[in-house]
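The structure appears below as structure tokens.
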Amino acid sequence: MSDAHPHYRALLQQLHTLDDLHKAAAVLYWDRETCMPVQGNAGRTQQLTTLNQLVHEMATSTRMADLLAAAELEQASAVPDSDVPACCAACVGSSMRSAAFLPSSCAGAVR
């Protein structure tokens with residue numbers, strides 16, 4: 001990717017970090033459901049709650065909103081068929097705005 005879209009690259013980096021955290025939570029959840037002794041369930045649930053809250057806070061942070069806004073501006077000025085996919089910022093923005101309505105305390109709730 002060229003240096004012409006630094007905000008878009010920073011947004012992608014944040015999205016990759018969020019994806020990694022979601023994957024880590026999935027492993028913890030799988031472990032809790034398939035391998036964990038019953039005595040470890042409360043601790044694992046707390047770990048999942050904390051991780052889910054952190055993911056939610058990161059995804060709905062001011063920093064993420066600022067990166068998204070800057071990436072949308074870069075996208076608007078990008079040449080068609082450039083290295084900035086046309087729908088990326090719009091899709092992320094829609095998801096982020098939806099997530100922002102959910103308080104972190106609820107986002108951390110683990111089933």
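Miscellaneous remarks
- Ordered by the count of other Cβ atoms within 10 Å of each Cβ, fewest first, THR50, THR45 give THR50, THR45.
- In a simple Cβ point-charge model (Lys, Arg +1; Asp, Glu -1; nothing else charged), the stretch 16-76 has a dipole of about 320 debye relative to its Cα centre.
- Sorted ascending by nearby beta carbons within 10 Å, beginning with the fewest, LEU18, LEU68 become LEU18, LEU68.
- Taking a ≥ b ≥ c as the square roots of the eigenvalues of the alpha-carbon gyration tensor, the stretch 1-66 is classed oblate because a/c is 1.5 or more while a/b is no larger than b/c.
Where a number appears in this text, it was derived from the coordinates with a stated rule and is not lab data. Owing to the predicted nature of the structure, the values given are computational and were not obtained by experimental measurement. All Cβ positions, glycine included, derive from the backbone under ideal geometry; neighbour counts span all protein chains shown.
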